[in-house]
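Asker: So that we are looking at the same thing, I have put the structure below in structure tokens.
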Amino acid sequence: MTTIHLLGFPRIGARRELKQLQESYWKQDIDEAALLKGARELRQRHWLLQKGAGVELAPVGDFSLYDHVLDAQVLVGALPARFGFDAATLSTAQYFALARGNAHQPALEMTKWFDTNYHYLVPEWQAETTFAANPAPLLAQLREAQALGLKAKPVLLGPLTLLWLGKVKGAAFDRLSLLPALLDCYRELLAALAAAGAEWVQLDEPILALDLPADWLAAFAPSYQALAEAPVKLLLASYFGGVAEHAKLLKALPVAGLHLDLVRAPQQLDAFLADWPADKVLSAGSIDGRNVWRADLSAVLTSLEAAHAQLDERLWLAPSCSLLHCPVDLAQETELDVELKTWLAFAVQKLNELKLLKRGLIDGRDAIAPELAGSDHAQASRRASPRIHRPSVAARLTRLADGSDRRHSPYPQRAAAQRAWLNLPVLPTTTIGSFPQTAEIRAARAAFKRGELDAAGYDSAMQREIELAIRRQEELGLDVLVHGEAERNDMVEYFGEQLSGYAFTQYGWVQSYGSRCVKPPIIYGDVERPQPLTVRWAVYAQSLTTYPVKGMLTGPVTMLQWSFVRDDLPRREVCWQIALALNDEVLDLENAGIRVIQIDEPAYREGLPLKQADWAEYLAWASAAFRLSATGTDDATQIHTHMCYSEFNDILPAIAAMDADVITIETSRSDMELLTAFGDFAYPNEIGPGVYDIHSPRVPSETEIETLLEKALAVIPAERLWVNPDCGLKTRGWPEVEAALANMVAVTRRLRARLAETVA
Ligand code: GLN
Ligand code: ZN
């Protein structure tokens, strides 16, 4: 019989119980025993839920107190030597020290898990790194699952993916040289799991969906050969992309099963069905583990019929990837529009979809006729609903003529027009948008939400904050001011709430890292701007000062990237819809006298596809989306963008293609490395490299700022250089912000004087 299994279930809990536990423990409100007990209860709840829903092979090891890549480092006994911890005796406090740092050592570096918004802790590899199997934590969880009467499948990060995800620290060496020792360690882990009664073990190798260097690819066959001796059945899991180009290699591996992501890459199934080995299981990841849409069961059944006829019980059913990236339970959403709700499925609902698919495959469509009718109806209503389709939006997109994403003139002409009215000093100073979200701001927002403060009261509270921000910036002597974003809870939510086509959940949280969860909005329909979004705040701010105030918008790519996006349109089209809605706002701002406008795109690089071959297409539509949002503006209107905390070196031409007049960009943490790249590439427009790392309460000294600015001046002509912090200041407090910005302005003034002397 076809088996239903999961690669992983969300670990945070339907009400973010894990976050409560972690944060209470960190604050010492609860002790270690209470933390571990709470975690155990959470795991058990999730397993029982899966058991009740018909999952026949439940994942073990998908739960984590912080991060599963850190857990993998503990299991193989390879913790960064700088901490001096022993994995075999690691305490809970030490575990969290690795994740969050302690008085002596900074935390492990954190970076994005493939193309998701989850962040993992990066292993640190050195030529001296050794491994020692430490299966105890996983065995304990395996016993917990077994005690509940579940058939359990331990989940491990595959050895090649674990190695790949780590970074070399210290002297350069080839990470692959660690592989033989790591494989010995995995063999021990597998043997221990087998001895504890595991029949199957899942090894996740998502790196198969990347552009792998030849030597890494070549390492798969011998590695899995070495693991094949273990007395367990191995299920090799690929996900986040197609692996058809490796079909021959994967079919020949000595593993008992292979999982494919058939949501991201449905067409790859055929390549695997062709002479699929008679002894292997094929796990079809046909339910979207990355998104919130209800499956089209009829279509999925059709897509699996041939596979089922060929493989019978060797065809397994699963979500495309771990459900970690999906909110937990739609049933909790009591405020969602009822029709919209019929189109959605969160993790719990996806389990039911798997069960239905299995019945449909085995007993035929008639056996699930009412459910299929329900699914068909949901699909049909989604296709036809006026809630989704706004003919005006579609028409506007089709009307877009070639070149309609272009400003009237090229940058040099625009720059001249802007200089003429802005009349800024050389090295103009500005900030990235937000100022500290003070207790007063948060209290006013909360009171407004609770209905204790009326709209007028809330507006005047925000106006007071704006005035405060403007006065402080004037006193500091900044050149281009911002209103401070007091009225914004979140840079995506604030805009999404005011646009059509966006919905917000109450509990649709997904883990971003550690205890941090995000609640991405759901873009379900055509996006339009019913009325101006920010104009009144910007205009109010401008009315208070003679300095130029910079309008502040979240860009189309970031709005897309940080949401659950509808799956019935290409992402490009959704992005362009958002761009046109933002363009309406840009033109209204301009009309209202706001002639400097920043369109933030911190997530611009995040959208890059996993395979380089797909980059050009993405960058073409993403940069077009940005240009569309700024199009039609007068040459004299200065368009800024902002980006942060990402590698930008490899996409500089695509950043230049956005054609913003000014880009402010995070650089201070990378010691201006990025600037060298901007210099080498000869970035054509204006640029403000961040000279103040806002992720720390530390106030940068004048000397530090001066050093950074001098480095910048060495590669960027003074006429095109701006001075600003790395990012928005909303997480900081006013005293440190004022001190840091005062230093920034003081250094800038000195440099200006020096530049004037050299000219004279
Ligand atoms: N304008 C936003 C702010 O200052 C930008 C935030 C971001 O880059 N993530 O808060
Ligand atoms: Zn930023």
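Read-outs throughout are calculated quantities, based only on the coordinates presented, and are distinct from any laboratory measurement. Predicted model, so just to flag it, every value in this text is computed and none were measured. Don't worry about glycine lacking a Cβ; one is built from the backbone with ideal geometry, like all the others, and counts go over all protein chains shown.
Asker: What's the extension gain from ALA760 to LEU36 if we count 0.36 nm per residue and subtract their Cα-Cα distance?
Answerer: Numbers: separation 724, 0.36 × 724 = 260.64 nm, distance 6.95 nm.
Full extension of this stretch gives 253.7 nm more.
Asker: Can I ask one more? Would you please classify the overall shape of region 7-138 from the alpha carbon gyration tensor, given that a ≥ b ≥ c denote the square roots of the eigenvalues, rounded means a/c under 1.5, and beyond that prolate means a/b larger than b/c while oblate covers the rest? Let's see the in-between values first.
Answerer: Details: a/c = 1.76, a/b = 1.41, b/c = 1.25.
Since a/c reaches 1.5 and a/b is larger than b/c, the shape of region 7-138 is classed as prolate.
Asker: Calculate the spin-label point distance for GLN332 paired with ALA221, positioning each point 7 Å from the Cα along the beta-carbon direction, and give it in nanometres.
Answerer: 4.8
Asker: Does region 549-676 come out rounded, prolate or oblate by the C-alpha gyration tensor, with a ≥ b ≥ c the root eigenvalues, rounded set by a/c under 1.5 and, if not, prolate when a/b is larger than b/c and oblate if not?
Answerer: On the way: a/c = 1.94, a/b = 1.14, b/c = 1.71.
Oblate, since a/c reaches 1.5 and b/c is not below a/b.
Asker: If amide H atoms are built 1.01 Å from N in the plane of the peptide, which residues on other chains or at least 5 residues away come under 5 Å of the amide H of LEU57?
Answerer: ILE4, LEU6
Asker: Continuing with the same structure: If r is the Cβ-Cβ distance from ARG572 to LEU176 and R0 is 35 Å, what FRET efficiency results, to the nearest 0.05? Provide the component values of the computation, followed by the final result.
Answerer: Details: r = 37 Å, r/R0 = 1.06.
Efficiency at R0 = 35 Å is approximately 0.40.
Asker: Let me ask something else about it. Can you list the residues, at least 5 places off or on another chain, whose amide H is less than 5 Å from the amide H of TRP293, using H built in the peptide plane?
Answerer: Answer set, sorted by chain and number: ALA345.
Asker: Which lysines, if any, have their Cα less than 29 Å from the Cα of LYS248, not counting same-chain residues under 8 positions apart?
Answerer: Reachable lysines: LYS153, LYS233, LYS280, LYS358, LYS611.
Asker: Mind giving me the FRET efficiency for GLN498 and ALA455? R0 is 22 Å, r the Cβ-Cβ distance, nearest 0.05 is fine.
Answerer: Values: r = 14 Å, r/R0 = 0.65.
Efficiency, rounded to the nearest 0.05: 0.95.
Asker: State the extension gain, in nm to one decimal, for the chain segment bounded by SER385 and GLU17, taking 0.36 nm per residue of separation less the distance between their alpha-carbons. Write out the running numbers ahead of the final one.
Answerer: On the way: separation 368, 0.36 × 368 = 132.48 nm, distance 3.60 nm.
Full extension from SER385 to GLU17 adds 128.9 nm.
Asker: What is the sum of charges, Lys and Arg at +1 and Asp and Glu at -1, for the other residues whose Cβ falls under 11 Å from the Cβ of LEU250? Write down the numbers at each step before the final one.
Answerer: Numbers: positive: LYS248, LYS251, LYS280; negative: GLU205, GLU245.
Summing Lys/Arg as +1 and Asp/Glu as -1 gives +1.
Asker: Follow-up question, since we're still on this one. Which ³J(HN,Hα) values, rounded to whole Hz and listed in residue order, are derived for region 697-709 from phi using the Karplus coefficients 6.51, -1.76 and 1.60 in 6.51 cos²θ - 1.76 cosθ + 1.60 with θ = phi - 60°, glycine and proline given as x?
Answerer: Rounded to whole hertz, the list is x, 4, 8, x, 6, 4, 4, 4, 4, 5, 4, 4, 5.
Asker: Place a point 7 Å from Cα of GLN310 in the direction of its Cβ. Which residues in region 264-296 have their backbone N less than 13 Å from it?
Answerer: The answer is 267-284.
Asker: Could you tell me the relative contact order of the chain? Use alpha-carbon pairs under 8 Å, at least six residues apart, and round to a whole percent.
Answerer: 11
Asker: Distance in nm between label sites at ASN591 and GLU229, each 7 Å beyond Cα in the beta-carbon direction?
Answerer: Each label point is offset 7 Å from its Cα along the Cβ direction, giving 7.6 nm.
Asker: Also, I was wondering about something else. I need the phi-derived Karplus couplings for region 44-52: 6.51 cos²θ - 1.76 cosθ + 1.60, θ = phi - 60°, integer Hz, Gly and Pro marked x.
Answerer: 5, 4, 5, 5, 5, 4, 5, 4, x
Asker: Could I ask something else about it? So what J values fall out for region 298-313 if you push phi through Karplus, 6.51 cos²θ - 1.76 cosθ + 1.60 with θ = phi - 60°, rounded to Hz, Gly and Pro as x?
Answerer: Values, residue by residue: 4, 5, 5, 4, 4, 5, 9, 4, 5, 4, 5, 4, 6, 9, 6, 6 Hz.
Asker: Gain in length, GLU617 to HIS104, computed as 0.36 nm per residue apart minus the alpha-carbon separation, to one decimal in nm? If you can, show how the numbers build up before the last one.
Answerer: Details: separation 513, 0.36 × 513 = 184.68 nm, distance 4.52 nm.
So the chain would gain 180.2 nm between GLU617 and HIS104.
Asker: Where a ≥ b ≥ c are the square roots of the eigenvalues of the C-alpha gyration tensor, would you call region 281-333 rounded, which needs a/c under 1.5, or, failing that, prolate if a/b is larger than b/c, or oblate? Walk me through the numbers before you get to the answer.
Answerer: Details: a/c = 3.14, a/b = 1.94, b/c = 1.62.
Note, shape of region 281-333 comes out prolate.
Asker: A follow-up question, please. Along the principal axes of its C-alpha atoms, what lengths does region 386-473 span, in descending order and rounded to whole Å?
Answerer: Here the Cα extents, ordered largest to smallest, are 52, 50, 18 Å.
Asker: While we're here: What is the local net charge at PHE83, summed over the other residues whose Cβ is closer than 15 Å to its Cβ (Lys, Arg +1; Asp, Glu -1)?
Answerer: Details: positive: ARG82, ARG100, LYS169; negative: ASP86, GLU109, GLU124, GLU128.
Surrounding charge for PHE83 is -1.
Asker: MET658's amide H: which non-local residues (gap 5+, or another chain) put their own amide H closer than 5 Å, with H modeled 1.01 Å from N in plane and none for Pro or chain starts?
Answerer: Those lying under 5 Å, H to H, from MET658: there are none.
Asker: State, in angstrom, two size descriptors of the chain derived from its alpha carbons: Rg to one decimal place and Dmax to the nearest whole number.
Answerer: Answer for the chain, Rg first and Dmax second: 27.2, 88 Å.
Asker: If Lys and Arg each add +1 and Asp and Glu each add -1, what is the summed charge of the other residues whose beta carbon sits under 15 Å from the beta carbon of LEU478? Provide the component values of the computation, followed by the final result.
Answerer: On the way: positive: ARG471, ARG472, LYS550, ARG749, ARG752; negative: GLU474, GLU475, ASP479, GLU738.
Taking every Cβ under 15 Å from that of LEU478, the sum is +1.
Asker: Kindly state, to the nearest 0.05, the FRET efficiency for LYS519 paired with ASP279, given R0 = 45 Å and r defined as their beta-carbon distance. Intermediate values should be presented prior to the final figure.
Answerer: Values: r = 44 Å, r/R0 = 0.99.
With a Förster radius of 45 Å, E is 0.50.
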